[in-house]
Amino acid sequence: TAVEKISNKRLVSLALAIGLCAGLATFATRTARAQGDSTTTAIRVGESGVGNAVADAVRAAAGTPIALVPAAAFRTGVPVPARASADSLAALLDPPSDLISILNLSGSQIKEALERSVRYGSKGFAGFLQVSGLKITVAPGNAEGSRITSISVGGQALDPNKKYKVATTRPLANGASGYFQIWGKDDIAGDAQKTLAAAIREWAASQGGDVALATDGRIAVK
């Protein structure tokens, strides 16, 4: 009947509306997850807001153009807020008392380190490197050793033959997570004489206190 046809049309319209809302909700959830961390586990697979903050703090403390902070420096599976104080940010580290070391690396060594960082993809890797001072592009589908397709330092292309000062954690400077295959003791230029916690306190104060833990595209995936 005509009434039944109208009712059916309304049911179809309602179903479509529900489906659209569900689709938008799923999209919003995925977008939220992509834009920020829910736990520190995300630090092992890609760019992270908390990783960016700590790497920026390490670079500022050491006064170097580049900083590399491994996922191993963070506690695993800990919830990450959208904003954090210096103390709450330092509490995410394992341990916050680690000292900051400075490496003197060639551009080719940095490239090799970044290739190792992304080697395990979505499986996660304790040696995944959070970066500061660098902007890199990753092509996960490429063959191993060619997944990093671009690297810039301060807006300039990384020079494979140039030496760069790189701030990092002491364990990473000593070759943890297999990075001893890329650099050795002769590449250690010294210490910044500061712990990670001290670096974070100084950097957070320079930012006005509590800091937003956000990504900015410094590790882009294509």
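Read-outs throughout are calculated quantities, based only on the coordinates presented, and are distinct from any laboratory measurement. Bear in mind that the values here come from a model prediction, so they are computed numbers and not experimental data. With ideal geometry, Cβ positions are generated from the backbone for all residues, glycine too; neighbour counts draw on all protein chains shown.
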Report task. Can you find, among SER108, PHE74, VAL138, the residue farthest towards the positive end of the dipole of segment 69-159? Put +1 on the C-beta of Lys and Arg, -1 on that of Asp and Glu. Result -> VAL138
Query raised in the report: By how many nm would the segment from LYS185 to THR39 lengthen if fully extended, with 0.36 nm per residue of separation less the alpha-carbon distance?
Result: 49.2 nm
Query raised in the report: Could the peptides 38-51, 84-97 be put in order, highest first, of the mean number of other beta-carbon atoms found within 10 Å of their residues?
Result: 38-51, 84-97
Requested in this report: Please find the FRET efficiency linking ASP87 to SER152, where r is the Cβ-Cβ separation and R0 is fixed at 35 Å, and quote it to the nearest 0.05.
Outcome: 0.60
Query raised in the report: At a Förster radius of 30 Å, what calculated FRET efficiency corresponds to the Cβ-Cβ distance of ALA214 and LYS123, to the nearest 0.05?
Result: 0.75
Query raised in the report: If R0 is 25 Å, what FRET efficiency do you get for GLN207 and LYS163 from their C-beta distance, rounded to 0.05?
Result: 0.25
Requested in this report: Apply the Karplus parameterisation 6.51 cos²θ - 1.76 cosθ + 1.60, with θ equal to phi minus 60°, to every residue of segment 189-205 and state each ³J(HN,Hα) to the nearest whole Hz, in sequence, with x for glycine and proline.
Outcome: 8, x, 10, 7, 6, 9, 8, 4, 4, 5, 4, 5, 4, 5, 5, 4, 4
Query raised in the report: Mind ordering 114-126, 202-214 by average Cβ neighbours within 10 Å, highest first?
Result: 114-126, 202-214
